[in-house]
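K.L.:
Below are the structure tokens for one structure; questions will follow.
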Amino acid sequence: MGHLIELKDIYKIYHMGEETVHALDGINLTVDQGEFVAIVGSSGSGKSTAMNIIGCLDVPTSGTYHLGGIDVSTMEDDQQAEIRNKMLGFIFQQYNLIPKLTVQENVELPLLYAGVSAEERRERAIQSLERVGLADKRKNLPSQLSGGQQQRVSIARA
Ligand SMILES: Nc1ncnc2c1ncn2[C@@H]1O[C@H](COP(=O)(O)OP(=O)(O)OP(=O)(O)O)[C@@H](O)[C@H]1O
Ligand SMILES: [Mg+2]
């Protein structure tokens, strides 16, 4: 099997009136299954731009991006949304938990969007909460958790 993530010669150019910003200038990156990768660099060097493309939240100006063998570099919004739902998990710096939903309902949300049955959602959410040590908090609201616990809920959801 090929690489899980494969970026080839990726450019991202922003046009701001007369000015053009070369946020990404021909980057190449491969990530294989099971690899842990950190992107580091000075402020403004293009990390978030790259992460937005890798996360299928944005498309490059040019270059190709294969995710799990699928060319995702030229997708429309709703195709990207489907790929994000099925293949990607996001742990945001702000955890973006829905305040009115319980911990378990928050974890179930991507499965709800994916059309998974109520019973399977419940099972998978509880399993995933067990893995981060929070099954006993599943009926709490996010506001009733510590910061670290909220972060673990967002990990379980991802
Ligand atoms: N929507 C945009 N329009 C124009 N220029 C942009 C846009 N988004 C980002 N840029 C520019 O692209 C470059 C890369 O930005 P990016 O956000 O990827 O940097 P970063 O590495 O994540 O920085 P930081 O560490 O500060 O978060 C910067 O020069 C930024 O000003
Ligand atoms: Mg950034």
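K.L.:
So for segment 96-158, Kirkwood radius off the Cα pairs, Stokes-Einstein at 4 °C and 1.567 mPa s: how many µm² s⁻¹?
P.N.:
Values: Rh = 11.2 Å.
Here the translational diffusion coefficient equals 116 µm²/s.
K.L.:
For the chain, what is the convex hull (Cα atoms) projected area averaged across all directions, in square nanometres? Write out the running numbers ahead of the final one.
P.N.:
Working: hull surface 45.6 nm².
Over all viewing directions, the chain projects a mean Cα-hull area of 11.4 nm².
K.L.:
Please report the carbon-and-sulfur percent of the accessible area for the chain; probe 1.4 Å, protein heavy atoms only, DNA, RNA and ligands left out. Mind showing how you got there, number by number?
P.N.:
Numbers: 5040 of 10200 Å².
With neighbouring chains kept in place, the figure for the chain is 49 percent.
K.L.:
Please compute the contact order of the chain in relative form: average sequence separation of alpha-carbon pairs under 8 Å and at least six residues apart, divided by the residue count, as a percent.
P.N.:
Values: 218 pairs, mean separation 31.2, N = 158.
That works out to 20 percent.
K.L.:
How big is Rg to Rh over segment 5-87, alpha-carbon atoms, Rh as the Kirkwood inverse-mean-distance radius?
P.N.:
Numbers: Rg = 13.0 Å, Rh = 13.4 Å.
Across segment 5-87, the Cα-based Rg/Rh ratio is 0.97.
K.L.:
Something else: Ranked highest first by the average count of other Cβ atoms within 10 Å around their residues, in what order do 30-40, 65-75, 148-158 fall? It would help to have the intermediate numbers written out before the result.
P.N.:
Numbers: 30-40: 9.5, 65-75: 15.5, 148-158: 18.9.
Averaged packing, sorted descending, gives the order 148-158, 65-75, 30-40.
K.L.:
Quick one: accessible area per residue over segment 34-158, 1.4 Å probe, rounded to a whole number of Å²? It would help to have the intermediate numbers written out before the result.
P.N.:
Numbers: 7840 Å² over 125 residues.
Each residue of segment 34-158 exposes 63 Å² on average to a 1.4 Å probe.
K.L.:
Angle check, please: helix 118-131 long axis (alpha carbons) against the longest principal axis of the chain (alpha carbons), in degrees 0 to 90, nearest 10.
P.N.:
80 degrees
K.L.:
Straight-line reach from residue 8: which lysines have a Cα under 19 Å away, not including same-chain ones fewer than 8 places off?
P.N.:
47
K.L.:
Something else about it: Sort 91-104, 43-56 by packing, meaning the average of other beta carbons within 10 Å per residue, with the highest value first. Before the final figure, lay out the partial values.
P.N.:
On the way: 91-104: 14.3, 43-56: 16.4.
So the order, starting with the most tightly packed, is 43-56, 91-104.
K.L.:
Helix-only mean residue ellipticity at 222 nm, the chain, DSSP H runs n ≥ 4 weighted -39,500 (n - 2.57), per residue, nearest 500. What is it? Please list the in-between numbers first.
P.N.:
Working: 5 runs with 55 residues, N = 158.
Result for the chain: -10500 deg cm²/dmol, rounded to the nearest 500.
The values are calculated or read from the model by the stated rules, or taken from the named source; none is laboratory data. Nothing here was measured: the structure is a model prediction, and the numbers come from that model. Methodologically, a virtual Cβ is constructed for each residue, glycine included, from the backbone with ideal geometry; neighbour enumeration extends over all protein chains shown. All accessible areas refer to the heavy atoms of the entire protein, side chains included, with ligands and DNA or RNA removed. Shrake-Rupley method; radii C 1.70, N 1.55, O 1.52, S 1.80 Å.
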